[in-house]
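Reading through the structure tokens given below for one structure.
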Amino acid sequence: MGAQRGDNPDKSTDEKPASVERRDSVTSIPSPTPSGSSPDPVHDLPPELLQAGWRKFWSKREGRPYFFNKLNNESLWEMPQLGFHGSVHDPMTDPLGINTPEGTPTPASNDLRLSRQSVEMIPQTMIGDKRRPSGEMTLGSPCKRIAAFNYSPFWNFDVPTNCVIHERAPLIIPAPHPDIEQIRAQLTAKLRQTYQELCYSREGIEAPVESFNRWLLERKVVDKGPDMMLPSQCIPEVSQSMYREIMNDIPVKLVKPKYIGDARKQLFKYAEAAKKMIEARGSTSESRKVVKWNAEDTFTWLRRQQNASYEDFLERLAHLKRQCQPHLTEAAKSSVEGICKKIYNQSCEAVKKILEKHWELLKENNIHKMDPLPEPPIPRKVLCYSIQTAIPSPRPPIIERAAENDVISLRFKNETVKINNSHFHKLEQLYKLNCRDDPRFEQFLLRVWCLLRRYQTYFGIHTNEGFGLQGALPVPVFECLHRVFGVTFECFASPLNCYFRQFCSAFGDTDGYFGSRGTILNFFPKSGSFEANPPFCEELMEAMVDHFESLLHESQDPLSFIVFVPEWRDPPTEALMRLESSPFKRKQITFPPYEHEYRNGFQHICPKTDVNVKSLHGTLAIFLQNDAGYAKWGPSSERVKELLLAAKARDTVP
């Protein structure tokens with residue numbers, strides 16, 4: 001057990017150490033001299049130890065003295081021996097968790113400055129975790145130094161959180177490993193290929209664009225399986241998202257035509273495909289009669305209407321689809337459901353293989369399965385803290401790092417992932433602020449590799465999929481949200497596109513080391529101000545509304561969610577109607593299309609000129625707040641005006 005973070009004396013005077021600011025109720029100053037002790041406990045040491053920089057202080061949390069060396073930041077519970085410096089570091093004898101193994105003095109002023117920026121309230125049962133030296137970080141080797149912080153105008157990690165949660169038990173999830181990520185990537189690529197082949201062989205269409213990615217999002221809303229990405233325990237087995245998107249492209253995929261010629265061709269193509277499909281499928285005689293009659297009527301109309309307008313063709317196509325689509329849907333129903341079931345069952349098999357391989361690897365490193373840890377019997381409200389895991393990480397394999405121009409390449413075996421230099425340093429900062437099990441950064445490159453490979457697998461980056469699912473608000477909007485509405489937390493983000501150092505994301509196992517608090521649907525804040533910009537998945541957005549309304553109903557503390565969703569009104573989505581009719585809605589505002597921007601979801605690898613993307617559709621900002629949240633962060637006219645102005649500001653290219 002170690003002393004609390006605030007026990008670290010900084011710029012120690014001859015009397016007592018300076019206290020470090022804390023946002024909780026635990027004070028961090030030396031305790032009054034205990035009865036029976038010296039009136040000057042700080043200097044109550046032999047002259048030789050005082051000359052070597054050692055001082056004696058009192059830990060209020062532990063209720064006993066400890067010894068701190070102001071010259072090299074070493075700390076001990078027991079009185080040091082002269083010449084002690086240089087021994088093997090033992091965290092059990094290092095109360096403050098700031099011992100520098102290399103013996104390099106760390107300027108005390110840097111330690112205080114960075115502690116004030118990065119300290120977060122965490123449960124007292126976890127306060128004893130080792131803290132890294134504030135003035136430096138090590139990467140791979142203790143001798144290799146990197147800058148402690150690399151400030152950027154495109155994210156702000158100095159913002160202290162106002163998110164309050166109940167204290168929670170550590171998670172029982174296996175640590176990510178490059179070998180397992182490669183297996184997951186191979187099985188997911190095979191799953192994508194199977195989906196494409198089934199759509200083509202059974203329905204004669206290409207797999208709908210982004211359909212597989214939205215399937216992953218929709219399935220994880222209901223999935224109870226062990227894998228963070230692939231679903232394996234879902235009820236029902238048939239995904240309504242995948243089923244709906246395949247049906248929309250049957251019998252042919254329709255896109256809005258640009259010219260009259262395109263509209264004419266599309267009308268003819270749909271009629272021909274509908275007639276062919278209804279003749280080949282096992283359907284009722286009534287369905288065949290209706291579809292064939294409408295198709296033949298369309299062919300006759302096309303022959304007679306040589307001078308029809310663009311609007312005439314669109315109106316005729318809409319009429320034909322209304323008449324035929326219900327019969328075509330009924331004819332294709334069993335086939336499309338079969339596609340959905342086969343993809344799901346293959347995903348279940350993939351998850352089983354991944355889990356077996358993962359635990360085989362961990363057992364080789366003498367790491368075994370654990371039962372879930374019990375939740376605290378009397379949960380305390382604490383400021384939000386990083387994800388804690390109970391299963392240790394195995395020894396890291398070698399990850400090769402190379403830099404060329406502005407790109408960092410990380411290579412494991414025969415596979416390389418890339419990230420630009422600024423976002424690589426961003427991950428360093430997030431890792432330093434949120435990871436407490438790797439003080440020497442020995443696992444850092446491995447975890448960055450796994451993080452990048454996971455998102456590459458998730459969004460199918462080699463086929464440019466996922467581009468529209470991972471956008472972020474521009475920096476001026478985030479700055480305004482924090483300054484005006486007290487926002488300190490993102491509900492849908494990733495370590496690659498986050499603005500704040502605390503956020504929820506898709507993967508708690510890979511992202512947790514970099515600030516993620518897990519998925520938003522499994523996150524239960526009691527108070528705080530949040531921004532939510534969900535991926536464009538109807539089922540996920542509906543689940544988000546249910547979750548937010550439940551949190552707002554249960555909490556009496558200030559709680560606010562500012563939700564940004566696309567203005568889809570043709571027809572309006574269920575999630576949008578739910579948001580607009582929510583009893584917790586305080587206000588909604590609209591950002592017009594082409595007059596505001598999003599930041600590219602692939603900003604960590606895309607060209608700098610492509611970081612900012614004009615929005616082709618309007619965006620709604622809807623304020624969901626309970627009474628206390630409205631009183632504290634309510635959308636007054638002045639505040640809303642500032643937000644509208646911030647949305648029009650163009651972000652600077654990084």
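Just a few scattered comments:
- Scanning segment 178-213 for residues that are more than 25 Å from ILE278 (Cα to Cα), surrounded by 15 or more Cβ atoms within 10 Å (Cβ to Cβ) and among the basic types (Lys, Arg) gives ARG184, ARG192.
- Filter pass, ASN366 being loosely packed, with under 14 Cβ neighbours inside 10 Å, assigned by TED's automatic domain parsing to the domain that holds ASP249 and of a type in the set (S, T, N, Q): no
- Qualifying residue in segment 268-285 (condition: more than 25 Å from PRO208 (Cα to Cα) and either of a type in the set (S, T, N, Q) or part of a helix (DSSP H, G or I) (or both)): yes
- Matching residues in segment 205-233 - criterion: being among the charged types (D, E, K, R) and under 18 Å from the mean Cα position of the chain (by Cα): ARG214, GLU218, ARG219, LYS220, ASP223, ASP227
- Apart from one condition, LYS258 fits all of (1) assigned to a helix (DSSP H, G or I); (2) surrounded by fewer than 17 Cβ atoms within 10 Å (Cβ to Cβ); (3) within 44 Å of the chain's Cα centre (by Cα); the exception is (1).
- Counting only strands (runs of 3 or more DSSP E) that fall entirely inside segment 393-445 and contain at least 2 residues that are among the aromatic types (Phe, Trp, Tyr) and more than 25 Å from LYS363 (Cα to Cα), no element qualifies.
- Residue check for SER334: loosely packed, with under 14 Cβ neighbours inside 10 Å, in the same structural domain as GLY204 (by TED's automatic domain parsing) and in a helix (DSSP H, G or I): yes
- Here segment 386-404 is the region considered, the condition is being closer than 28 Å to VAL164 by Cα and not small (Gly, Ala, Ser), and the residue that is nearest to the chain's Cα centre (by Cα) is ILE387.
- Exactly one residue out of ILE260, ILE246, ILE278 is farther than 25 Å from SER335 by Cβ, in contact with a Ser or Thr (Cβ under 8 Å, 6 or more places away or on another chain) and either aliphatic (A, V, I, L, M) or without any contact (Cβ under 8 Å) to a residue 12 or more places away in the chain (or both), and it is ILE260.
- First in segment 534-561 and assigned by TED's automatic domain parsing to the domain that holds SER582 and at pLDDT below 95, second anywhere and polar (S, T, N, Q) and not in a helix (DSSP H, G or I), Cβ under 6 Å, 6 or more apart: GLU538/THR573
- Conditions (1) without any contact (Cβ under 8 Å) to a residue 12 or more places away in the chain; (2) under 30 Å from PHE524 (Cα atoms): number failed by SER334: (2)
- Qualifying helices (runs of 4 or more DSSP H) (wholly inside segment 538-654; at least 3 residues being farther than 30 Å from MET242 by Cα): 538-554, 627-633, 637-648
- The set of residues in segment 333-358 that are under 27 Å from the mean Cα position of the chain (by Cα) and of a type in the set (A, V, I, L, M) comprises ILE343, ALA350, VAL351, ILE354, LEU355.
- The single residue among TYR270, TYR385 that is of a type in the set (Phe, Trp, Tyr) and touching a residue at least 60 places away in the same chain (Cβ under 8 Å) turns out to be TYR385.
- For segment 176-226, filtered to residues that are assigned to a loop (DSSP other than H, G, I, E, B) and β-branched (Val, Ile, Thr), the residue that is modelled with the lowest pLDDT is VAL209.
- Selection over segment 473-505 of residues that are among the small types (Gly, Ala, Ser), farther than 19 Å from ARG168 by Cα and buried (at least 22 other Cβ atoms within 10 Å of the Cβ) gives a count of 2.
- For segment 147-170, filtering for residues that are crowded, with 17+ Cβ neighbours inside 10 Å and outside any loop (DSSP other than H, G, I, E, B) leaves 2.
- For the condition over 14 Å from the mean Cα position of the chain (by Cα), aliphatic (A, V, I, L, M), more than 18 Å from PHE536 (Cβ to Cβ) and modelled with pLDDT of 95 or more, LEU445 qualifies.
- The single condition from (1) assigned by TED's automatic domain parsing to the domain that holds ARG264; (2) within 25 Å of the chain's Cα centre (by Cα) that LEU383 fails is (1).
- Residue count, segment 417-435 (criterion: out of contact with any Leu (no Cβ under 7 Å at 6 or more places or on another chain) and crowded, with 19+ Cβ neighbours inside 10 Å): 12
- Evaluation of SER422 against (1) among the hydroxyl-bearing types (Ser, Thr, Tyr); (2) closer than 22 Å to ASP179 by Cα; (3) touching a residue at least 40 places away in the same chain (Cβ under 8 Å) (one fails), failing number: (2)
- Of all residues in segment 292-318 being of a type in the set (S, T, N, Q) and under 52 Å from the mean Cα position of the chain (by Cα), the one that is farthest from VAL252 (Cα to Cα): SER309
- The set of residues in segment 227-249 that are assigned to a helix (DSSP H, G or I), more than 25 Å from SER505 (Cβ to Cβ) and touching an Asp or Glu at 6+ places or on another chain (Cβ under 8 Å) comprises TYR243, ILE246.
The values are calculated or read from the model by the stated rules, or taken from the named source; none is laboratory data. On a predicted model such as this, the values are computed, not experimentally measured, just so you know. Every residue, glycine among them, receives a Cβ derived from its backbone with ideal geometry; neighbour counts consider all protein chains shown.
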